[in-house]
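These notes are about the structure you will find just below.
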Amino acid sequence: MIIEELRSKFESDKQELAKEQVEKLSANDSLGKEKEARLAVEKAQVRLTEELGKPQGKL
């Protein structure tokens with residue numbers, strides 16, 4: 001009986017660990033995409049700021 005309980009607990013723990021690993025990978029992926037988006041916005045902001053600083057005839 002104890003062996004069966006331990007096996008059951010082991011399987012449950014394995015599944016929980018796998019779930020946590022998937023969630024962690026998903027969170028890391030999301031963080032990477034967020035960083036990429038932030039950099040793109042910052043670059044666009046710099047370009048727009050530079051364009052706004054140019055005289056109207058040079059646009």
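Could you tell me whether residue 11 is of a type outside the set (Val, Ile, Thr), exposed (fewer than 10 other Cβ atoms within 10 Å of the Cβ) and more than 14 Å from the chain's Cα centre (by Cα)?
No.
Within segment 48-59, work out how many residues are surrounded by fewer than 10 Cβ atoms within 10 Å (Cβ to Cβ) and either of a type in the set (Ser, Thr, Tyr) or part of a helix (DSSP H, G or I) (or both).
Number of matching residues: 7.
Values quoted throughout were computed directly from the atomic coordinates according to the rules given, and no laboratory measurement underlies them. Here the structure is a predicted model, which is why all the values come from computation and not from measurement. Ideal geometry is used to build each Cβ from the backbone, glycine not excepted, and the neighbour counts take in all protein chains shown.
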